[in-house]
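What follows is calculated from the coordinates using simple rules that are stated; it is not laboratory data. Keep in mind the model is a prediction, meaning the values are calculated, not measured. Quick reminder, even Gly has a Cβ in these numbers, built from the backbone with ideal geometry, and neighbours come from all protein chains shown.
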Amino acid sequence: MRAVDIIEKTKNKIPLTEEEITWFINEYVNNNIKDYQVSSWLMAVCLNGLTDTETYYLTKAMLNSGDRIDLSDLPGIKVDKHSTGGVGDKVSLVLGPLAAASGCTMAKLSGRGLGHTGGTLDKLESIPGLTISLDEDRFKKQVKDIHLAIAGQTQNLVPADKKLYALRDVTGTVNSLPLISSSIMSKKLASGADIICLDVKYGSGAFMKTIEDASKLSEMMIKLAKMDNKKAVAFISDMECPLGRAIGNKLEVLEAVNCMNGKGPKDLEDISIEIVGYMVYLSKIVDTIEDGRNIARENLKNGNAYKKFLEMIKAQGATISDFNDFIHVKEIIPLPAKKCGYIEKIDALTLGVSAMKLGAGRERKEDSIDPDVGIVLNHQIGEYVEKGEALLYIYKNDKWDDSIIDDLYSAYSITKNKIKPVDVVSKIIE
Ligand code: URA
């Protein structure tokens, strides 16, 4: 087989066989095909797409490129959750403990943030002492003992995705439905859970800009799960504006802690309850999804989710259990509103990029992050702001860029008319 023939076929929209795709991926992982040939193929995929069957073969080849975690010796149904990435997306920090407190067993491998999106691992690592490097035995033991672990992917979990993603990142080939769905699902299927809940974001701060594209991506990922005899459910959720009020690693941990102590914000509560409600139902703990939601609601209110969170961080080495005096920055700068009115729009992408410029995120994989910096919204969409009142607060240390203030103002649109708030979860696809 020759790489060039495979590139030609995809360029001419001729479907590849399973053998061809498996060969191409294996040869690439073994360094027998050069980056420039794979880049060329990835661009052909971006432009021409792949059939569903080809996407499955690609997912399978990626999945088989490394280890699979076997959770079958742990009792019960194991659930996992994945987000396609957003701004202020701290859902996993609340949802993991909430799911475990509600009777589910949650074994989750997470990723780091890149660009304007944050990553659960960076947020967790902002907690002093906490490690996300759990080897398979420790990961499984923790899941067995406390029904919850959130860890980083081991080096040999889907190595094909590590190579392909790094290449896609620098060749303008991230944004492709078959490439995103195979990348996500190969990792999720390798992680070993029986039920995979997918938080698929759409809007300015997400990969998918429209509900329609998010729905297509969801349908593809659900199909890929089915082809591997697993169950996936997709929750299509809004990422036009940031989720919650906090953006930045420690700020988001603190917001999650507050949420687990009954202090909202509502959108974070709503999405966590919705997804956990499904998890509880799909884990066969209750007979209806509404009963699942009720259990989740109760465990968020009564402190059980927070207790589970403290158990998890302790098991993973955290040296603190008190989040007062958690954040230390040199300056907190308010951004005063230039006029009064109802907040109509807060552009998630602009806020995510601004937080990254403050040091909360990384532009390149090798960049380090500052866990304390970020942005806290003083108001969310639909709320009224007085002229001169803070729209948001900037938590800054040394990293600064003069464009940040103008950029943040440009993210806002304020109107005289009342705004009807939208539900954070717009649609559920099974
Ligand atoms: N997240 C992933 O894991 N892979 C993609 O391709 C895009 C988002």
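Note on the chain: with charges restricted to the Cβ of Lys and Arg (+1) and Asp and Glu (-1), its dipole about the Cα centre is near 240 debye. Quick one: grab the alpha carbon gyration tensor of segment 364-429, order the square roots of its eigenvalues as a ≥ b ≥ c, and give me rounded if a/c is under 1.5, else prolate or oblate depending on whether a/b is larger than b/c. It comes out oblate by the Cα gyration axes.
A full extension of the chain between K34 and E19 corresponds to an added length of 3.5 nm, given 0.36 nm per residue minus the alpha carbon distance.
With the gyration tensor restricted to C-alpha atoms of segment 50-181, the semi-axes of the equivalent ellipsoid amount to 26, 19, 14 Å, longest first. Based on alpha-carbon atoms, the Kirkwood radius and the radius of gyration of segment 33-81 give Rg/Rh equal to 1.16.
Farthest towards the positive end of the charge dipole of the chain, among the residues L121, V29, L243, is the Cα of L243, using unit charges on the Cβ of Lys, Arg, Asp and Glu. One chain, two ends: K338 and S410. Fully extended at 0.36 nm per residue, the span grows by 24.8 nm beyond their Cα-Cα distance.
How much of the pair distance distribution for the chain lies past 38 Å, counting alpha-carbon pairs only, in percent? The proportion of pairs with Cα distances above 38 Å equals 20 percent.
Enclosing the Cα atoms of segment 223-374 in their convex hull gives a volume equal to 194 cubic angstrom per residue.
May I ask for the angle, rounded to the nearest 10°, between helix 211-227 and the longest principal axis of the chain, with both axes built from Cα atoms and the value confined to 0 to 90°? Orientation of helix 211-227: about 50 degrees from the principal axis.
Placing one equal scatterer on every Cα of segment 187-276 and applying the Debye formula, the log10 ratio I(q)/I(0) at q = 0.16, 0.21, 0.24 Å⁻¹ is -0.76, -1.07, -1.15. Label positions at K301 and D213, each projected 7 Å from the Cα along the C-beta direction, are separated by 4.0 nm. Cα extents for segment 110-195 along the principal axes, largest to smallest and rounded to whole angstrom: 42, 30, 21. Stretching D423 away from E386 to a fully extended chain increases their span by 10.8 nm, per 0.36 nm per residue minus the current alpha-carbon distance. By its C-alpha gyration tensor, with a ≥ b ≥ c as the square roots of the eigenvalues, how is segment 264-316 shaped: rounded for a/c under 1.5, else prolate for a/b larger than b/c, else oblate? Oblate shape, in that a/c is at least 1.5 and b/c is the bigger or equal ratio. When DSSP beta bridges are restricted to pairs lying wholly in the chain, around 50% turn out antiparallel.
Using a simple spin-label model with pseudo-atoms 7 Å out from Cα toward Cβ, R138 and K399 lie 2.7 nm apart.
For segment 358-425 versus segment 51-65, the spacing of their alpha-carbon centroids is 39 Å. The distance between label points at S72 and D325 comes to 5.1 nm (points 7 Å beyond Cα on the Cα→Cβ vector). The shape of segment 290-355 comes out oblate: with a ≥ b ≥ c from the C-alpha gyration tensor, a/c is at least 1.5 while a/b does not beat b/c.
Straight Cα distances below 17 angstrom link K226 to the lysines K60, K78, K81, K187, K188, K216, with same-chain residues fewer than 8 positions distant left out. Rounded to the nearest whole angstrom, the semi-axes of the ellipsoid equivalent to segment 192-232, taken from the Cα gyration tensor as √(5λ), stand at 22, 10, 6, largest first.
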